[in-house]
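The values are calculated or read from the model by the stated rules, or taken from the named source; none is laboratory data. Note that the structure is predicted; figures quoted are calculated from it, not measured. All Cβ positions, even for glycine, are placed from backbone atoms using ideal geometry, and neighbour counts span all protein chains on display.
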Amino acid sequence: MSVLRADAARSDHTPPGIDSTTPNVARMYDYYLGGKDNYAADRACADEVIRQAPHVITMARENRLFLGRAVRYLAGEMGINQFLDIGAGLPTRENVHQVAQRFAPGARTVYIDNDPVVLSHGRALLMSDDHTWVIKQDLRTPDEILDTVDTLGLLNLSRPVAVLLVAVLHFITDDEDPYRIVKTLMNGLAPGSHLVISHVERRPDLETAAANYRHASSPVILRSAEDVSRFFDGMDLLDPGLVGVCDWHPEHVTYFSDRERALRCGVARKP
Ligand SMILES: C[S@@+](CC[C@H](N)C(=O)[O-])C[C@H]1O[C@@H](n2cnc3c(N)ncnc32)[C@H](O)[C@@H]1O
């Protein structure tokens, strides 16, 4: 994938069907991560967010590292070999299927996103992988997601699955009932399935920066740590509980400020 990205010139040539004029949450995140799959409108909005909350860069990068550690833990230590990554984002380094297959050979991964840019990049990346699929669907229709992976036989839903909702639930508004969405997904899965979440916490220093997303493809909804922990209701939250992404089984001792801990995460097991 690094080859793909190195070849991708940062140009504003826009493929048909892609809206490059509205800041797009997937491409803004790509920009925070240092990627090249973004347009001028994405960079302008992301730069404004960074100006108001510079720690968003560390939060994004630590989020990505958390995702890798969580998948490695689930594949390597919990025996999970089926991954449903919803809100998968643009491919980058250490993508879920690559980490999963390294620690659980033969692991199957289904990537779901509702963004056409993510879909086209993802499909290009996966052309030669027959254990990994990229599907255009929306987190807001969880029944359809489960139905698709089941009907197409991509995952065996009678066996444990890890659902990854990493940095995506804060794009679901309260009206869209994110708690119902998570419950529907987990109700459709076997005991021993796992839920991985990261979510931006509501903090005064992030309110203004988050408001920039009102002009983007999706608003950002900040939620308190207590509200984020409610996503795990009915499940066994694993150690170390709900923490900043940098604090979830870190590999190195690194200093992070409290502000950089505003992206909360947790991993839970369905009993
Ligand atoms: C910030 S990125 C996170 C990417 C990846 N999960 C990670 O943490 O590195 C959020 C992704 O969620 C996707 N997304 C936002 N709302 C969605 C929805 N309702 N259904 C599916 N995907 C959605 C965006 O297109 C974007 O790719």
Discussion item. Looking only at region 24-70, filter to residues that are in contact (Cβ under 8 Å) with a residue 24 or more places away in the chain and among the aromatic types (F, W, Y); which one of those is surrounded by the fewest Cβ atoms within 10 Å (Cβ to Cβ)?
Written reply: Y32
Discussion item. Could you tell me how many of the residues in region 173-212 are in contact with a Pro (Cβ under 6 Å, 6 or more places away or on another chain) and buried (at least 20 other Cβ atoms within 10 Å of the Cβ)?
Written reply: 3
Discussion item. Being at pLDDT 95 or above, part of a helix (DSSP H, G or I) and closer than 15 Å to K270 by Cβ narrows it down to one residue among L146, L157; which is it?
Written reply: L146
Discussion item. Consider region 228-246. How many of its residues are out of contact with any helix residue (DSSP H, G or I) (no Cβ under 9 Å at 6 or more places or on another chain) and part of a loop (DSSP other than H, G, I, E, B)?
Written reply: 1
Worksheet item: Got at least one residue in region 189-200 being farther than 30 Å from D258 by Cα, within 11 Å of the ligand (Cβ to nearest atom) and out of contact with any helix residue (DSSP H, G or I) (no Cβ under 9 Å at 6 or more places or on another chain)?
Response: no
Worksheet entry | Residues satisfying the stated conditions in region 144-186, i.e. within 12 Å of the ligand (Cβ to nearest atom) and of a type in the set (D, E) | E144, E176
Worksheet, complete the sentence: Over region 79-99, the set of residues surrounded by 24 or more Cβ atoms within 10 Å (Cβ to Cβ) and more than 15 Å from the chain's Cα centre (by Cα) is Q82
Fill in: Any pair with Cβ under 7 angstrom, 6 or more apart, that starts in region 188-215 at a residue that is farther than 26 Å from D233 by Cα and ends at one that is more than 16 Å from the ligand (Cβ to nearest atom)
D205/R259; T208/Q52; A209/Q52; N212/E48
Worksheet, complete the sentence: (1) within 27 Å of Y73 (Cβ to Cβ); (2) polar (S, T, N, Q); (3) part of a loop (DSSP other than H, G, I, E, B); (4) within 15 Å of the ligand (Cβ to nearest atom) all hold for S218 apart from (1)
